[in-house]
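All remarks here apply to the structure that follows.
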Amino acid sequence: MNQLLEQYRQVLKLRIVEGYSRKETAEIMSRGEDSIRGLQYRALQALRELIQAAEENGG
């Protein structure tokens, strides 16, 4: 996770780990709800790529 951009880590932490709604996350991050939706999607894509790369390199 530390390899992700700060904004990606923050949106994943707020939405997935802490369970905030998209609206609450948008308020905390001073962004629009649509922006949070896109940011979360890109963050999950980046995390998926990191996991796949780690698996390809032996864990």
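The values are calculated or read from the model by the stated rules, or taken from the named source; none is laboratory data. What you see is a predicted model; the values in this text were computed from it and never measured. Every residue, glycine among them, receives a Cβ derived from its backbone with ideal geometry; neighbour counts consider all protein chains shown. With ligands, DNA and RNA removed, areas are computed over all heavy atoms of the protein, side chains included. Shrake-Rupley method; radii C 1.70, N 1.55, O 1.52, S 1.80 Å.
Basic side chains Lys and Arg get +1 at the Cβ, acidic Asp and Glu get -1 at the Cβ, and with that the dipole of the chain about its Cα centre reaches some 160 debye.
Summing Lys and Arg as +1 and Asp and Glu as -1 over all other residues whose Cβ lies under 10 Å from the Cβ of residue 25 gives a net charge of +2. Summed over the residues of the chain and divided among them, the accessible surface reaches 73 Å² per residue at a probe radius of 1.4 Å. Please name whichever of 4, 45, 19 sits farthest to the positive end of the charge dipole of the chain, dipole taken about the Cα centre and charges placed at Cβ: Lys and Arg +1, Asp and Glu -1. Toward the positive end, the furthest listed residue is 19. In region 13-59, the portion of solvent-accessible area held by carbon and sulfur atoms comes to 45 percent [1.4 Å probe, whole percent, DNA, RNA and ligands not counted]. Once divided by 2.2 N^0.38 Å, the Cα radius of gyration of the chain becomes 1.19. Report summary: the helix-based calculation at 222 nm, which adds -39500 (n - 2.57) for every DSSP H run with n ≥ 4 and divides by the residues of the chain, gives -21000 deg cm²/dmol.
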